[in-house]
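No lab work stands behind these numbers, since they all come straight from the coordinates. Keep in mind the model is a prediction, meaning the values are calculated, not measured. Cβ: placed from backbone, ideal geometry, glycine included. Neighbour counts: every protein chain shown.
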């Protein structure tokens, strides 16, 4: 397993908060990241609520927590026991009064809206959240970046023995999510309907969300489609990229773009098992755009706001980052190794008074272009984000 870059940040959060929640899809590496702490915290106690034996230990959670008060208690699949949050609040407050203020509980779970709402309501001011995305390029050798794009960042998929084995893993992952995991979360959604929607979103990678078109294809209402997409977004499987629409004086697009967040899952939904199949498919440009966006957002500073920009006059920016340092980065994404910049990008960057203008391309070098634009590799722009000074 490749080391995850979030480990130092996780340690920092545990030193500052009584509870920390690691949120992410299944099989993304949440448990592996938590268990990596055992080298620094040998007294850590681990419970997996998918195990009946471990779940039974929490029949009286207050008593169990009291018996392990000196340990960091890791509770995996915490979304299975939402009733725990009220007990956690009481225990944390009691320990605070006794002088124990941090590093008490590490909670692992799928990022569902219900879980976030329950934990935020019960543990407000007592919990910090760490989102764990699939592997990104800064976590793997540079020579394997194309494989990462093709297979996606779920560790078992990325590290599979062959492209065919990786595709089989992802197909099984999708089936398990649809047939077991999502029904266990409560929503009663026909698995085949959700699979069709997910596949349609993969075909529309990076396009404007057309809920009416999707609803007509699925023979459901627009409200139903919106609810299904909300669920996929909550589970960190789909991203809705919001349009920047703060300027009321311009006619701007106000419909979000949609992406299947993990490129490997998008390719599996489309049946693209190797690089040749991907490069010959119409989705290749949208797939690369979505993959670049996910890699950039994974290293952006906390509190970064992400948008795209498009006006009726043709001004357009693929990714607009509002950084907490007060900067505004306009980013164009091109799969070409010799990118050119459209007039629409310059118009949009001028409209927004962008403090920096970048074109991310597929070549090996970064170099300046006219009019203050810098053509950069994905790795170089990630490095620039990582090296931004803390606010």
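Figures for the structure shown
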quantity	calculated
Net lengthening on full extension, residue 121/residue 275 (0.36 nm per residue, minus Cα-Cα)	50.9 nm
Pair residue 60, residue 146: separation of 7 Å Cα→Cβ label points (nm)	6.2 nm
Difference of contour (0.36 nm per residue) and Cα-Cα distance, residue 350 to residue 69	95.5 nm
Antiparallel DSSP beta bridges within the chain, as percent of all bridges there, nearest 5	40 percent
Helix-only CD estimate at 222 nm, as mean residue ellipticity for the chain, using -39500 (n - 2.57) per DSSP H run (n ≥ 4)	-11500 deg cm²/dmol
Linear extension gain, residue 364 paired with residue 195, 0.36 nm per residue minus alpha-carbon span	57.1 nm
Largest-first principal axis extents of the Cα set of region 7-131 (Å)	37, 30, 28
200, 236 arranged by Cβ crowding within 10 Å, fewest neighbours leading	200, 236
Distance-filtered residues of region 25-44 - backbone nitrogen under 15 Å, label point 7 angstrom along residue 15 Cα→Cβ	40-41
Between 0 and 90°, nearest 10: helix 113-123 axis offset from the chain longest Cα axis	50 degrees
Rel. contact order, % - alpha carbon contacts under 8 angstrom, at least six apart, the chain	13 percent
Neighbour-count ranking [beta-carbon atoms within 10 angstrom, fewest first] of 195, 180	180, 195
Highest to lowest packing among 215-221, 136-142, scored as the average C-beta count within 10 Å	136-142, 215-221
Centre separation in Å (Cα based) which lies between region 350-380 and region 302-340	10 Å
Ranked by how many other beta carbons lie within 10 Å on average, peptides 103-109, 172-178, 14-20 from highest	103-109, 14-20, 172-178
